[in-house]
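The values are calculated or read from the model by the stated rules, or taken from the named source; none is laboratory data. These figures come from a predicted structure and were not determined experimentally. Cβ placement follows ideal geometry from the backbone for every residue including glycine, while neighbour counts extend to all protein chains displayed. With ligands, DNA and RNA removed, areas are computed over all heavy atoms of the protein, side chains included. Shrake-Rupley method; radii C 1.70, N 1.55, O 1.52, S 1.80 Å.
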Amino acid sequence: MIFVYSPLHARHDGGKELYRGEFVPTFETPARVGHIQAALQAGGFEQAPPREFPESRLHRVHDPDFVEFLRTAFARWHAEGREGCMLPSGFPARGLRRDRKPAGISGSMGYYAFDASTPIMEGTWDAALAAAHSAMTAAAMVSEGKSAVYALCRPPGHHASRSVYGGYCYLNNAALAVQYLIDESYGRIALLDIDYHHGNGSQEIFWERDDVLFVSLHGTPDSEYPYFLGYADERGAGRGAGYTLNLPLPLGTGWDSYASALDVALEAIRGYAPDALVVSLGVDTFERDPISGFKLATRHYPLIGSRLAGLGLPTVLVQEGGYAVAEIGANVAGVLGAFAARPA
Ligand code: SP5
Ligand code: ZN
C-alpha cells in the first residue's frame, strides 16, 4: 500500500491548548508522524509525496472566507506585533451575534473556532494545506485505480466543518477526499469515522447529502469531546435524512463491545452499497491514549483492518487522532497491514 506523506506537517509545532484550566503543550505533536512513518517504512509500505491542487478544491467543502481566514490569520496576528500561538478567548454562544464577522483578529478567531485547544502558529497553514493535499492525493490515486491508499495527515481534520475549526483540526482532510472521489469518479461514498471523538465537522459537511453515508463510532458526547454533537438521534436532514449514523459508546468500552458496534457500522455501509470508502482513522481508541477513554489494545488494530478490508471497496484511509505517541506507529501499522493483506 502507498502512504502519502509531507514533511511540511512539522511546521505546525509549539502550540498550546487549554486543558483542565491550564495551558499545556498540545497533545497533537509532530512526533506522532515520525512514529507512524517509521512503522510504515519498516512494514514495507511505499511513501509518496502529495500533489498540489488549486484552492477551488478546498471550496468544495469549506467556505472561501474561512479558508482565507486560515491562510492569513497568523500574518494578521503578527502584524499586530504578536508572536507565539493564537487561541480564541470568546465565542458567539447563545444570545450573541453570529450574523456579522468581527473585523479584528481576536474576534475573528472566536467567530471561526469552536474551542480554545486548536492553536494557529506561523506554520499552521502550510501544514494544514499539505495534509489536505495529502488526503486529496490519496483520493486521486484511488480514482486512478489503486485499491487503497493511506494519507498520513497532520494536522487531523474531522472536527473542522464548512467554516469552523477546532479539535486540532483546520481543514477537513477526509471530507476533501470524499468530495474529490465524488467529483472525479464515484457516485456514492461511505465515510466511516473510527476516531475516538465524534467527527462533528464531517457530519455537518454531509448532513443534508444522500451521496455520502457518514457513520461514526465514538466516545459518548455526554462526557467526551466534542460534547455538543454525536448522539444517536442525529440522522441527517433533507435529502440527507437517514444518511448519518452515530454509534456513541460508553467510557471504558473494550474490544468486544467495540467490535459489535463496528459490525453494526459495517452492515450499514454494506446496506448503502457505496462505490468507495473513506476511513477517518484515529487510533485514540487505544487503552493508554492520554485524552481518551476506550480500552483497545495494540493486538485489536489488525482486527479492525481485516474487517474494513472485508467491505471489498476502493478505500482512502486518512489519519485523524491518536496521542499515545510511543504506540501510535504499531497501532496504525496494525490496521493498515491487515487491510493490505486482503486478497486483491
Ligand atoms: C482529532 C482529534 O482526535 N481531536 C481531539 C481533540 C480533543 N481535544 C479536547 C480534549 C479534551 C479531553 N478531555 C480530557 C478527558 C480526560 N479523561
Ligand atoms: Zn480523536
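Taken over the range 198-220, residues that are farther than 11 Å from Gly236 by Cα, open to solvent by less than 10 Å² (accessible area, probe 1.4 Å) and not in a strand (DSSP E or B) amount to 4.
Restricting the range 150-189 to residues that are surrounded by fewer than 24 Cβ atoms within 10 Å (Cβ to Cβ) and touching a strand residue (DSSP E or B) at 6+ places or on another chain (Cβ under 8 Å) leaves a set whose member that is nearest to Gly271 (Cα to Cα) is Arg188. All told, Pro226 meets the bar of being farther than 24 Å from Pro64 by Cα, in a loop (DSSP other than H, G, I, E, B) and open to solvent by less than 30 Å² (accessible area, probe 1.4 Å).
Return the residues of the range 7-64 that are hydrophobic (A, V, I, L, M, F, W, C), more than 14 Å from Pro155 (Cβ to Cβ) and under 18 Å from the mean Cα position of the chain (by Cα); say none if nothing qualifies. Working first, answer last.
Step one: filter the range 7-64 for residues hydrophobic (A, V, I, L, M, F, W, C), giving 8, 10, 18, 23-24, 27, 31, 33, 36, 38-40, 42, 45, 48, 53, 58, 61.
Then keep just the ones that are more than 14 Å from Pro155 (Cβ to Cβ); that gives 18, 23-24, 38-40, 42, 45, 48, 53, 58, 61.
Passing the criteria: Leu58, Val61.
Any chance the range 194-202 includes a residue that's at pLDDT 95 or above and farther than 22 Å from Thr285 by Cα?
Taking the range 194-202 first, the residues at pLDDT 95 or above are 194-202.
After this cut, where a residue has to be farther than 22 Å from Thr285 by Cα as well, the list is none.
No, because not a single residue in the range 194-202 is at pLDDT 95 or above and farther than 22 Å from Thr285 by Cα.
Close contacts from the range 267-295, counting a first residue that is farther than 11 Å from His197 by Cα and away from ligand 1 (no atom under 16 Å from the Cβ) and a second that is part of a loop (DSSP other than H, G, I, E, B) and basic (Lys, Arg), with Cβ to Cβ under 6 Å and a gap of 6+ residues or different chains, come to Pro274/Arg188; Asp275/Arg188.
For the range 73-90, which positions are part of a loop (DSSP other than H, G, I, E, B) and of a type in the set (Lys, Arg)? First the steps, then the outcome.
Initially, the range 73-90 is screened for residues part of a loop (DSSP other than H, G, I, E, B), giving 80-85, 87-90.
Of everything in the range 73-90, just one residue is part of a loop (DSSP other than H, G, I, E, B) and of a type in the set (Lys, Arg), namely Arg82.
In this structure, Leu317 does satisfy being touching a residue at least 40 places away in the same chain (Cβ under 8 Å) and within 16 Å of ligand 1 (Cβ to nearest atom). So which strands (runs of 3 or more DSSP E) stay within the range 10-72 end to end and still have 3 or more residues that are more than 16 Å from ligand 2 (Cβ to nearest atom), acidic (Asp, Glu) and on the phi > 0 side of the Ramachandran plot? Counting at least 3 such residues, we get no strands (runs of 3 or more DSSP E) at all.
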